[in-house]
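Below is one structure; the comments refer to it alone.
The values are calculated or read from the model by the stated rules, or taken from the named source; none is laboratory data. If you're wondering where the values come from, they're calculated on a predicted model, not measured in any experiment. Cβ sites come from the backbone with ideal geometry, for glycine too, and all protein chains shown count toward neighbours. With ligands, DNA and RNA removed, areas are computed over all heavy atoms of the protein, side chains included. Shrake-Rupley method; radii C 1.70, N 1.55, O 1.52, S 1.80 Å.
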Amino acid sequence: MMKSISTTLLSSALLIAGISSSAADEPIIIKFSHVVAEQTPKGQGALLFKEAVEKALPGKVSVEVYPNSSLFGDGQEMDALLIGDVHMLAPSPSKLEYYSKQTQLFDLPFLFDDFDAVAQFAKSDAGKSILTSMEKSGITGLAYWNNGMKQMSANKPLREPKDARGLKFRVQASTVLEDQYKAIRANPRKMSFAEVYQGLQTGVVNGTENTYSNYYSQKVHEVQNYITESDHGPIVYMVVTNTKFWESLPTEIQQTLMTILDEVSVEVNRRAYDLNMQDKANILAEGSTEIITLTPEEREKWREAMQPVWKKYEKVIGPHLIQAALDANRHSSSSSDAP
Ligand code: LMR
């Protein structure tokens, strides 16, 4: 009799707390979906996160990682996050402009001098303000993860902007990137990441832009004879979650997840450059693709042709954010005036 009363009391307490008795014993499941391969910076970040969370919170939180668009691809994953079918994603800001125009900052061509500047910016108050700029849409940004600088590719050598004229370029779902290619009189086409290889193989598009790790892991170099080392913009990621889901987590779990995420971000950023350089070497070793290094004069021509795109976006992104990015260039460790 006593036992059944206390069981009843416990069940009602759990019900009031919104937790059913069986759910109270089951781990919280975090589904983390992404579109890239596991050996890339983001792929490794997701696995490191899973490993650390399950070690720190055994039986309490379990992380399921779905790489390579295997659960949701571009164009589906944000909706899936909003309706709670997944709980964490790490898209590039190019895929977030619908939720916050400030995310467009990262796509302005030739804004960041190098990846150190992007990392510097990510740590700044301006960088943090972009993470929280999607909350009105129910999305909370938790961290930035690095990939690397983007290069351009085609089946003809691209040394100067005029070489790209008339070519069809795959871009991520970003109007800034569309305008970047329109500025050099090329034809941009938004396409999901999973479709890039086939799009190039079948000639739906003739060229694209990405980091070495994304080129190599998707075998894009097999269908592109030339990669121009343009470093014209970054691929960085915003680790995002559903705000309601995040706020529903017990405080101590939320804090542990955040501590782990901070540690994982440091590790992803430490590995990202080397992973990209390794994949550059892998592409060269396969011998199918020539990597073109630009002279400073040639690179300047790309900058002159693409940078006018900034004008259209300055107001909506916010001049203060653009200024903060330029300041990050000056403070990045590899900039020429660094000590
Ligand atoms: C792309 O679509 O090219 C990238 O955003 C993929 C990624 O997540 O690195």
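Considering (1) open to solvent by less than 10 Å² (accessible area, probe 1.4 Å); (2) within 10 Å of the ligand (Cβ to nearest atom), say which one N210 fails and leave the rest.
(1)
So how many residues does segment 162-176 have that are within 10 Å of the ligand (Cβ to nearest atom) and either open to solvent by 10 Å² or more (accessible area, probe 1.4 Å) or not in a strand (DSSP E or B) (or both)? Even if it seems obvious, please write down each step before you answer.
Residues of segment 162-176 that are within 10 Å of the ligand (Cβ to nearest atom), as a first pass: 170-174.
Then drop every residue that is not either open to solvent by 10 Å² or more (accessible area, probe 1.4 Å) or not in a strand (DSSP E or B) (or both), which leaves 172-174.
Of the residues in segment 162-176, 3 are within 10 Å of the ligand (Cβ to nearest atom) and either open to solvent by 10 Å² or more (accessible area, probe 1.4 Å) or not in a strand (DSSP E or B) (or both).
Tally the residues that are near the ligand (Cβ under 10 Å from one of its atoms) and aliphatic (A, V, I, L, M), restricting the search to segment 185-207.
3
Return the pair list, or none, for Cβ contacts closer than 6 Å from residues in segment 92-114 that are among the hydrophobic types (A, V, I, L, M, F, W, C) to residues that are open to solvent by less than 10 Å² (accessible area, probe 1.4 Å) and more than 16 Å from the ligand (Cβ to nearest atom), at least 6 apart or on different chains.
L105/I317; L105/L321; L111/A325
Is there a residue being modelled with pLDDT of 95 or more and open to solvent by less than 40 Å² (accessible area, probe 1.4 Å) anywhere in segment 15-29?
As a first pass, look at segment 15-29 and keep what is modelled with pLDDT of 95 or more: 27-29.
Checking which are open to solvent by less than 40 Å² (accessible area, probe 1.4 Å) leaves us with none.
No, segment 15-29 has no match at all.
What are the pairs with Cβ atoms under 6 angstrom where one residue, in segment 184-196, is free of Cβ contacts under 8 Å to residues at least 60 places away in the same chain and among the charged types (D, E, K, R) and the other, located anywhere, is open to solvent by 30 Å² or more (accessible area, probe 1.4 Å) and near the ligand (Cβ under 10 Å from one of its atoms)? Sequence gap at least six, or different chains.
K190/A173
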